[in-house]
Each structure stands twice: as C-alpha cells, then as structure tokens.
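Trainee: Got a structure for you, written out below as structure tokens; questions coming shortly.
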Amino acid sequence: MRIASELRQTVRRLRGARGFTIGVIAVLALGIGANAAVFSALDQTVIQPLPYPESSRLAMVWEDLSAYGMPKDRVAPGTYHEWQRRTRTFASLAALRLSEMDVGSSAPEQVSGAAVTANLFPTLGVEPQLGRNMTVDEEPPGHRVVLLSYGLWQRRFAGALDIVGRTMLMSGEPYVVIGVMPRGFHFPDARTEYWIPISLAPGQFDARNSHYLQVVGRIRAGVRWPAVRDDMDRIARELATEFPASNAKVGVTVVPLQEEVTSDAAHALTLLLAAACCVLLIACANIASLLIARVSGRRREIAVRLALGAGRGGIVRQMLMECGVLAAAGGGAGLVAAYWGVRALEPFVPPALAASTRLHLDVRAAVFTLAVTGLTTLLCGVAPAAHAARADLSEHLKAQARTAHRRTARLRRVLVVGEIAVALVLVAAAALLIDTLAHLRAVDPGFRADHLLTARIDVPYPKYADAARRQAFYAGVLAGVRALPGVERAGLTSDLPYTSTGDYMGLTIENRPSSGVGRTALFRLVSPGYLQTIGASVSAGRPLDAGDTARSAPVAVVSDVLARTYWPHQSALGHRIDTGTGDGAPRWMTIVGVVRDVRERGADLGSKPTVYVPFTQTAIAFFQPSEIAVRTSVPPEALAGPLRQAVWAVDPAQPVSDVRTMDEIVDEALGYRRRVLSLLGVFAALAIVLAGLGVYSLLSWIVSDQRREIGLRIALGATPGTVTRTVFRQSAILAGVGVALGLACADVATPWLGALLFDVSPVDPPVLASSCVILIAVALAASLIPARRAAALDPMIVLREE
C-alpha cells in the first residue's frame, strides 16, 4: 500500500509538471525506440541462427588467392572434386553455380536460379515441401529436372498440388518438376527461384583454371573450426604440390555460413546499435541533469521531510520511482516508435535472408526494451537520487540560501561535458561517411553514367546454343536499338560496370612462361561500339569496330593497368594474349587498343587488369554479351519501352529485365553506405539537439540561480556585454572540455567504421576539426538566450526581490 501511495504521489507530481514530463517521455521514446528497432533487426538477421538444422556446422568454402588480391575466389570443378575426395572434417561438400533461365512459353519470365549438385539440400538439411530431391544420377548433362521455389510455384502455377511430374518450359526446353521447396527457402540468395542439376560432364571435373562454383559444406559433428581450417590447408598444400600449374599459391578460405551471410549486416547494425546507445546515453544525461535541477528546486521540501523524520532511503526511493515512471512511459512510447522504425531497417536484411525475414517486434524485442527501460531508470535516477540523499539538512533549512550548491553545479557540468563528448563521436562518424561518399563520387570511374540506359537480355539455351544464331540475334537487337529516335550509341557486354566483382579468366602472354593462376584478368565479352557507348577513353591504338568479325584475325582491347603490368616500358599494341576461350586450344588475340581503366568492380575496389574481347570472334557459351547499354540524347527512362520493343521485334519471346539507368546502378553501389549514413545522420542530429538542450538548460539554471550575483555586478558597473561574455565563457569552457574528451573517444570509436570508409582515415584531422567546430557552435548558440536573459536583468528588481 505504501508503494502504491508513493506511486500515486509521483504520478500527480509529474502531471503537475506536464511540459517537463512530456518532454522527457518524448526524448526517452526516441532513445529507447531506436535501440529496440535496431536490436530487433540485429537479432533477427545476425544473432538468431540461420533457418537450417544445426546451422552452426555449415560453412562456405572458397579458393584463397590472397597472393593475387582475391582471398575468396570461386572454386574450379577440379579443385572441388579433390576437396570432396580428400576432406576428413566435412561430412559433405556441395557445389552450385548461378543460372538464369526463361520460364513459360506465353509471357516468358526471366528468373534466377542455381545449378546444383544433388547433395546441396541434404547438406543444408532442407527437404522439399512437395516431391523429392534430385539424385546423383541426374547430375550429368541431359537430365532436365527442376525444383521450384515456393514463390515461383505460386506465381506460375497458382500453387497447384499436382505440380510434381508436370513439364514446364525453361528457356525453350521441357523440364520435369520433381519438387517444390519450402516457403521462404532461397539459396544462395533471395533471387534464387529454381534449382536444376549442375550438369558437369566427366571431363569438367579435371578443370582447374575455370573458377565458377560456390561450395557449401557441413562439418562433421564434434569437429571444431580450427581443425576444419587445418584440414583444408593440408589439402591446399597437397594440391599445390601435385598441380603446381593451377594450384600454386592457392589456399582455402573457410567461413561459417552465418558469418558469410550476415557479416555486412552485422557490421552496419552493430554500428547503428552503438549509435542508438549513444543517443540514449545523451538523453539520460540530459534528463539526469534536469532532475538534479528539480532536486535543487525542491530543497526546502526535502529539508522539511528530513526534519519530520523521513529517511534518506525514502528520498532515494521516491527519486528512482519518479525516474521509473518516466522511463516506463518512454519505453511504452518507444515500442510504438520501434514498430515503425524497423521498417527503415529492412534494407539491412542480408540478401540471403531477404525472402524469409520480415523485421518485426517480437517477445525478444519486448524483453530487450524492458531491460533498456530498467537501465534507463538507473542512468537517469541514480545521480539525482544520490544527490538528494547527500543533502545537508542544516543548509537546506537556511531560508536565505539562494545560490546553488557547488556540488549540484559540478555534477550538472560533468553530465553536459559527457553529452558533448558522445555527440562529437556521432557527428564525427557521420562526417566520415559523408567524406567517404564524396570521395567515392569524386573517383573517376572510367565511363560516363549520364544518359545511359541499360537492360539484361540473356538468351535462352538451347534455343540459342548455336553461336551463329546467337550472334545474329544480338546483331539484330543492336541494329534495332540504334535506329530508335534519341539513341546515339548502343553496345553489348557480358558485365556492366559496377555489377560484378568477378568473372576472371586465366591470362597467357605469348612467348612468356606461364605463372599459373597468378596471371588473371577480368574478362568482358563486348560488341563493337560498346566502349564508346559507355564513354571509355582509348589511350592507345583503336577500339573494337565492325571489322572485327568471325572471319578476321582475333583481337582484343586491354585496360591501362594490364598494359602497365605486363609491358611497363613499351607499348602493349601488337602483343598477343590468350584468355582460354579457344575450346582447349590457344586462341591468340592481338592487342589492338588500350583503354583508360574502367572501375568495373565498383568505385572502391580499384582497377584490375581487364580484357575486352569482341563477341563476334568467340563461340564460348559460358560468357555472353547479355547486358545492353544505350547512350541517349533524351532522358534515358523515356526509351525503356522502345528498347523492349526493339528486342521483341527480333524475338517476341525474349525477356528483357533489369531495365534501369546507369545512374541508378551507380547509386545502388553506394546505397549501402548511404543507408548507414542516413540513419547515423539522424542519430547524430538527435545527439546535437540533445547536447544543445543540455547546454541551454544548464546555463539557464545557472543564470536563474545566480540572479542576485549578476544583479550586484550590473549595479556595480558591469555592462551587458561583460555579463554576456561571462555566460559565453562558461559555455565555451564546457564545449572545450567536452570536445577534448570527445576527440579521445573518437580516436577509439571511429575505427569501428572499418570497411565503410573509402580513402578516408578514421581519425581524419579535417573531419574531426569540422565536427569540433559544429559542437562548439551548437554550445555557443545554446547559450545565446541565457546570456541575453542575464544581460537584461534589472539590478533594482533583483535586489528588491532579495
């Protein structure tokens, strides 16, 4: 009953100070809500295990070409076969390669999928929802069976229960549906909507120079990760000895599947959770400072209660109860804010989980919010409660005690300094990301993104298995697109810039000894005119042109970095190279041109040696010029429809997908950092506002509490300017100490930004200096109103009040 009575008194007291109460609850709602939202996203994407049985035993396995700048490269079939045969720690190793196919005969749809080994689903521990898994006997070429994702089954077949055994057209060929995977299952990522046999011919298991497989494995029960890595390192050493031409300096990288899938999200969300915690700390410091001021304002009430026999424990309990009520209200409002806040975090869901994970508030989030609310109660209430409990009874009973206790002022100053320091860390982090985006935007990509429309036009197999028919299709598309009004140029490529970080081929240089896998280059199969279309600049020789046909001598254009690497003191023109596109026999291509480096892999990954080969001079099937780029003299979006019509004029059944501008592709490449910056910027802005309010409230309290002293100074001849400078001086001291402490904290905290930064040091002096200027300016601005109030005091009125 006593607790209930005290609780009712606390609520009545807070209702009597509605402005203060509403403000505190709103601030706590933002702080607690931000923490709850980010925790929910982190918990549901990173902390909770992947949706596979015993997912902690699953791993992705890559070839380690760190010696050549590629620590995680895709796996050659021959190497995968040897891993399977020699491993002692993996219970199973499964492989897959990505695939694109057209589905349906009427209104064909291009969908993404994977060609997989039969043991992929058993390795993951997943069974089809309907039907059966594929068998080992169905792995070789010639077996056309398919498992569908739940979404594709619903979309194309309306969830028909008799789907198993039906035949469906995929890229013009009949495939028998043998099963449907469970709802939400998409491996390796959310775009994957079908799985077909990998179709590796026996001879391909000896191929060690073509790296295109992704490998996932399940380690044996009871085996620890160090033992797994030691085992795979042993195999890598054995292969390097037995096959030095292909496996010299090739290691193995083993990454837990959970880490592989969630590493980027874990980094971003952990950073955002730390930022949200900083905002909550600043909010708690602000509220604690205000409550200390309220304690000072209630000193006579506290003195009377102590004089009447109230224990100091009761005073502490009352203060903590007041904080608890405020925190509970803030926590409840914070859950409402978090309900909406998790939607802003959807883009941080890893691609592999995007189809199965919808961020939401659950019981774990509620428990976390409850814990944060309890912690907030302590952070906000301990200092005011301790301050009240240490009160000097005789001093409180002095009716003329008008000045604030030095202890009160000192404690509030410490809290405000802490607010400024934490705010500086957040502002510096946001400023570093802004600087990173500016640096990325300033990077010369080697092409022009403006007025460039792009699309995918993957040709289906076996409909276009014949090279002549394939090339006739592409030639017809190019002719039709180039004839469209508003089109200046058009070209084809196997990979548009910023869309792929791989697609390497081995590189052999005529009359030079082979150096194994160390000599590789990005391989781009392009049409004549493609490089001019994207705005690449020729630095030597000529670009590919219409004269480079199947009947002319094989040629290639290479990038500046390739030419500098292999011919540093001479021209690369006239030299011959082979990229392994001659169906087993060397196909020597003469270098006829050198282009300035194009940032094919993105602005932040740097330039790699690149070879551009005319698609008209090769019959290889595993690379296709499936991307079209169109340079326009009109807004590129206006030509999206005519572009589709031009393709359909050549083949009405040909899907056209991913129609977007190159500007959109570039923006998407920067999107991850921009999303982190946008939320971090919100937290930094909140921190600045709260720090400014902290400075304002402290100086307002000081001016109010020192009215008599200020009035006496003015009466003795102090000018308004002198009084104003005194207040500003106090603000500047607070800001200076806070900034100094913040710089020390930033030196420890900003390196956490890690891979998000580009060409910017985590302790970049100009960025830190600008952050300091912002916080000092905010502190001085916050002191403007208190300074004006102090300067405007009438000494006669103040002294008369005394």
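The values are calculated or read from the model by the stated rules, or taken from the named source; none is laboratory data. Every value quoted in this text rests on a predicted model; they were computed, and no experiment measured them. FYI the Cβ positions are ideal-geometry reconstructions off the backbone, even for glycines, and counts take in every protein chain you see. Accessible surface is based on the protein model in full, side chains and every heavy atom, while ligands, DNA and RNA are left aside. Shrake-Rupley method; radii C 1.70, N 1.55, O 1.52, S 1.80 Å.
Trainee: What helices in the chain pass both tests, a Cα length along the helix axis of 18 Å or more and a mean Kyte hydropathy of 0.5 or higher, using whole DSSP H runs?
Mentor: Working: long enough: 2-16 (21 Å, -0.89); 18-42 (35 Å, 1.71); 225-242 (26 Å, -0.80); 257-297 (58 Å, 1.38); 312-344 (46 Å, 0.78); 363-389 (37 Å, 1.44); 406-442 (53 Å, 1.13); 467-482 (22 Å, 0.31); 662-705 (62 Å, 1.08); 720-749 (42 Å, 1.03); 765-782 (25 Å, 2.21).
Those that clear 18 Å and a mean of 0.5 are 18-42, 257-297, 312-344, 363-389, 406-442, 662-705, 720-749, 765-782.
Trainee: Follow-up. Report relative contact order for the chain in percent, whole number only (criteria: Cα-Cα under 8 Å, sequence separation at least 6).
Mentor: Relative CO of the chain lands at 16 percent.
Trainee: Once both labels are modelled 7 Å past Cα along the beta-carbon direction, what's the Glu238-Val538 spacing in nm?
Mentor: 5.2
Trainee: Now a separate question. Provide the packing ranking of 421-434, 551-564, i.e. peptides ordered by the mean count of other C-beta atoms within 10 Å per residue, highest first. Spell out each step's value before the answer.
Mentor: Working: 421-434: 26.3, 551-564: 20.1.
Peptide ranking by packing, descending: 421-434, 551-564.
Trainee: Within the stretch 613-666, which chymotrypsin sites (Phe, Trp or Tyr not before Pro) sit in a loop by DSSP and count at most 12 neighbouring Cβ atoms inside 10 Å? Write down the numbers at each step before the final one.
Mentor: Values: sites: Phe615, Phe622, Phe623, Trp648; in loops: Phe622, Phe623.
Sparse-neighbourhood loop chymotrypsin sites (Phe, Trp or Tyr not before Pro): Phe622.
Trainee: Return the calculated 222 nm mean residue ellipticity for the chain, to the nearest 500 deg cm²/dmol, obtained by summing -39500 (n - 2.57) across DSSP H runs with n ≥ 4 and dividing by the residue count.
Mentor: Values: 23 runs with 391 residues, N = 802.
The per-residue figure over the chain is -16500 deg cm²/dmol.
Trainee: Another question, then. Taking the Cα centre of each part, how many Å lie between the stretch 169-183 and the stretch 320-370?
Mentor: Going from one Cα centre to the other spans 40 Å.
Trainee: Over the stretch 402-529, with every protein chain in place, what whole percent of the accessible area is carbon and sulfur at 1.4 Å, could you tell me?
Mentor: Values: 2570 of 4850 Å².
Within the stretch 402-529, the accessible surface is 53 percent carbon and sulfur.
Trainee: In addition: Give the cross-link partners of Lys249 among the aspartates and glutamates, using a straight C-alpha distance below 19 Å as the criterion and excluding same-chain residues fewer than 8 apart.
Mentor: Glu63, Asp64, Asp73, Glu82, Asp206, Asp230, Asp231, Asp233, Glu238
Trainee: Additional query: Taking the Cα-to-Cβ direction at Ala475 and at Asp658 and moving 7 Å from each Cα, how far apart do the two end points lie in nm?
Mentor: Placing both labels 7 Å beyond Cα along the Cβ direction yields 2.7 nm.
Trainee: Ok, one more. Please give the contour-minus-distance gain from Asp137 to Leu712: 0.36 nm per residue of separation, less the Cα-Cα distance, rounded to one decimal in nm.
Mentor: Values: separation 575, 0.36 × 575 = 207.00 nm, distance 9.87 nm.
Result: 197.1 nm gained on full extension.
Trainee: Nearest 5 is fine: what % of DSSP beta bridges in the stretch 523-615 come out antiparallel, could you say?
Mentor: Restricted to the stretch 523-615, the bridges split so that about 45 percent are antiparallel.
Trainee: Ala585 to Ser199: FRET efficiency via 1/(1 + (r/R0)^6), r the Cβ-Cβ distance, R0 22 Å, to the nearest 0.05? Numbers along the way, then the final one.
Mentor: Working: r = 23 Å, r/R0 = 1.06.
In this case the efficiency is close to 0.40.
Trainee: I would also like to ask the following. Carbon and sulfur atoms: what percent of the 1.4 Å accessible area of the stretch 668-766 do they account for?
Mentor: Values: 3140 of 4600 Å².
Its accessible area is 68 percent carbon and sulfur atoms.
Trainee: While we're here: Using Cα-Cα distances under 8 Å and only pairs 6 or more residues apart, what relative contact order does the stretch 39-197 have, in percent?
Mentor: On the way: 244 pairs, mean separation 35.2, N = 159.
Here the relative contact order equals 22 percent.
Trainee: Further question on the same structure: May I ask you to give the solvent-accessible area per residue for the chain, in square angstrom, as obtained with a 1.4 angstrom probe? If you can, show how the numbers build up before the last one.
Mentor: Values: 33970 Å² over 802 residues.
Averaged over the residues of the chain, the accessible area is 42 Å².
Trainee: If you average the C-alpha positions of the stretch 628-695 and of the stretch 84-153 separately, how far apart do those two centres end up, in angstrom?
Mentor: Here the two parts' Cα centres lie 32 Å apart.
Trainee: Hey, could you get me the Stokes-Einstein D for the stretch 160-232, Kirkwood radius over alpha-carbon pairs, 37 °C and 0.692 mPa s, rounded to whole µm² s⁻¹? It would help to have the intermediate numbers written out before the result.
Mentor: On the way: Rh = 16.5 Å.
For these conditions, the coefficient is 199 µm²/s.
Trainee: Also: Using label points projected 7 Å from each Cα along Cα→Cβ, tell me how many nm separate Ala638 and Ala769, to one decimal.
Mentor: Inter-label distance under the simple model: 4.7 nm.
Trainee: For the chain, what proportion of DSSP beta bridges, expressed in % and rounded to the nearest 5, is antiparallel? Provide the component values of the computation, followed by the final result.
Mentor: On the way: 63 of 81 bridges.
Within the chain, antiparallel bridges account for around 80 percent of the total.
Trainee: Can you figure out the FRET efficiency of Ala158 with Ala371, using R₀ = 41 Å and their beta-carbon distance, to the nearest 0.05? It would help to have the intermediate numbers written out before the result.
Mentor: Details: r = 46 Å, r/R0 = 1.13.
Computed FRET efficiency for Ala158 and Ala371 comes out at 0.35.
Trainee: Here's a follow-up. Taking amide H positions as placed 1.01 Å from N in the peptide plane, with prolines and chain starts having none, which residues 5 or more places from Ser171, or on another chain, fall under 5 Å of its amide H?
Mentor: Asp102, Val103, Gly104
Trainee: Can you figure out the FRET efficiency of Ser571 with Ala248, using R₀ = 41 Å and their beta-carbon distance, to the nearest 0.05?
Mentor: Values: r = 30 Å, r/R0 = 0.73.
My answer for the efficiency is 0.85.
Trainee: With every protein chain left in place and a probe of 1.4 Å, what is the accessible surface of Arg599, to the nearest 10 Å²?
Mentor: Ignoring ligands and nucleic acids, Arg599 comes out at about 50 Å².
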